[in-house]
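Here you go, one structure.
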């Protein structure tokens, strides 16, 4: 029998690196997994060790390949998806990392970036982003001001910095390319989403030399190659995790809203043309493949899975026990405190980097976990309301990511939005979407008959809590002058 083609999808996330091999029908043939550590020095600092991260990717790839039946399958090409707003500085001569991987959740440069608030509307129109410390340029400037190795490399012309994806491909590929794809480059606050390259005005505004940045290229590109057991594997796709997730089940549907529930929660609506200026939401380039460019209107909830971790740590609750019992707790607790969720900063549509999380009143540990779960849905809802100010109401919601495994949480989302919610059978969408892009075809990967359709129910108490939550968060912002 002829050997079947398989495609290697590398998914580098906040907790682990995964490598999955997909066949042409979208089935997982083999996979490898390696966890990474996250270092939180305080509420604002979130880092990873760059050497551990690169090593974890190589370990995951080796694990996937070791399980592959090499007599039946042939690896054709590879794709990479990473956390979009994470960045790193490195030496372009030696390849050595000069900074930690500073996570997308990190806000250490929040004070510095506020100096540019007066340019907010201009920057938003160029980049599609709001000015916050989550994005790359503020993290780079912090490194320049505080890390001697970065300053020295800059003075000697050896410095390069950029999205995490750019560092990974430099370290992984034989060619040592200095390249950045649209989805990841657009999270630096320096990328012009209309010209699809670094913006000269923003480089000047933030005082960033262009020679320290990778070269902007499309999503589908000949990035270079690496070897697996002496087999040459070309890397053809590089993109962001949330961007890849949109393609997990084929071409994204403009009439649907996509919500990925992971460490953060990301609410996305796809467009085939650039979206006009939307003051409180983000516009992003999802993919650039040949002449086809896709955009999304996006809302960001910074504290989803990470909010559970923070509250579990605060109250000494076993996270595994909490995750296991959350569906039951959601069903049993219909009278809980409200949680004003500012974990990793309050994202869209409010955009407050240093918002202090709080409960409306003291409940027991079970009630607090339920309140955190509801706060994630409430933040999603205000983003959906903001989207509907400028585009039609979606027909339904497609939800993916680790937290979407909780059917009770998905039911609450349907009840709150009064939209049908579809949860695919395979919820880990990033790797699957990367594989679909890698194949660069129009294969039907739809699985609408396999997943779970959740129809909305009437839940008056829950909807009333949302109204109260929204009023409380707006009052808290007003009281603090934000």
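What follows draws every value from the coordinates through simple rules; no lab data is involved. From a predicted model like this one, the values you see are computed outputs, not experimental measurements. Neighbour counts are summed over all protein chains in view; Cβ atoms, including those assigned to glycine, are modelled from backbone coordinates with ideal geometry.
How far apart, in nm, are two points set 7 Å out from the Cα along the Cα-to-Cβ line at residue 42 and at residue 453?
Placing both labels 7 Å along Cα→Cβ, they lie 5.2 nm apart.
I would also like to ask the following. If I take R0 = 35 Å and measure r between the Cβ atoms of residue 151 and residue 271 in this structure, what FRET efficiency does the formula 1/(1 + (r/R0)^6) give, to the nearest 0.05?
Values: r = 41 Å, r/R0 = 1.18.
Result of the calculation: an efficiency of 0.25.
So how far, in whole Å, is the C-alpha centre of the stretch 1-52 from the one of the stretch 109-130?
A separation of 32 Å, based on Cα centres.
Just from the alpha-carbon atoms, what are the Rg and Dmax of the stretch 309-436 in angstroms?
15.6, 47
Estimate the FRET efficiency between residue 408 and residue 94 by the formula 1/(1 + (r/R0)^6), using the beta-carbon distance for r and 41 Å for R0, to the nearest 0.05. Present the calculation step by step, with values, prior to reporting the outcome.
Working: r = 51 Å, r/R0 = 1.24.
The value I calculate is 0.20.
In whole angstrom, note down how far apart the Cα centers of the stretch 261-308 and the stretch 363-383 are.
22
Give the Rg (one decimal place) followed by the Dmax (whole number) of the stretch 4-240, computed from C-alpha coordinates and expressed in Å.
Just the Cα atoms of the stretch 4-240 yield Rg and Dmax of 18.1, 61 Å.
Using the count of nearby Cβ atoms within 10 Å as a rough guide to exposure, how do 417, 195 rank from fewest to most? Walk me through the numbers before you get to the answer.
Details: 417 21, 195 11.
Listed from fewest to most nearby Cβ atoms, that is 195, 417.
If I model a spin label as a point 7 Å beyond the Cα along the Cα-Cβ vector, how far apart are those points for residue 362 and residue 201 in nm?
If labels sit at residue 362 and residue 201, their model points lie 5.4 nm apart.
Here is a follow-up. Between residue 440 and residue 325, what is 0.36 nm times their sequence separation minus the Cα-Cα distance? Round to one decimal in nm. Each step should come with its number before you reach the end.
Working: separation 115, 0.36 × 115 = 41.40 nm, distance 4.10 nm.
Full-extension gain reported as 37.3 nm.
Report the residues of the stretch 1-21 in range of a label on residue 74: point 7 Å along Cα→C-beta, backbone N strictly under 11 Å from it.
2-6, by backbone N distance to the label point.
Could you give the C-alpha radius of gyration of the stretch 6-66 expressed as a fraction of 2.2 N^0.38 Å, taking N as the number of residues it contains?
Values: Rg = 13.6 Å, N = 61, 2.2 N^0.38 = 10.5 Å.
In units of the globular-protein estimate, the stretch 6-66 measures up at 1.30.
Suppose the chain between residue 229 and residue 393 were pulled fully straight at 0.36 nm per residue; how much longer would it get relative to their current alpha carbon spacing? Please report the intermediate quantities before stating the final value.
Numbers: separation 164, 0.36 × 164 = 59.04 nm, distance 5.03 nm.
Gain in length upon complete extension: 54.0 nm.
Along Cα→Cβ, 7 Å out, is where each label goes; now give me the distance between the ones at residue 334 and residue 425 in nm to one decimal.
My value for the distance between the label points is 3.4 nm.
In addition: Starting with the fewest neighbours, write out 135, 422 ranked by other beta-carbon atoms found within 10 Å of each beta-carbon. Each step should come with its number before you reach the end.
Working: 135 25, 422 20.
By the 10 Å Cβ count, ascending: 422, 135.
What ranking of 276, 106 emerges when the number of other C-beta atoms within 10 Å of each C-beta is taken as an exposure proxy, fewest first? It would help to have the intermediate numbers written out before the result.
Values: 276 9, 106 26.
By the 10 Å Cβ count, ascending, the order reads 276, 106.
Same structure, new question: Compute the orientation-averaged projected area for the stretch 101-147 from the convex hull of its Cα atoms and round it to one decimal in nm². Numbers along the way, then the final one.
Working: hull surface 13.3 nm².
That works out to 3.3 nm², a quarter of the Cα hull's surface.
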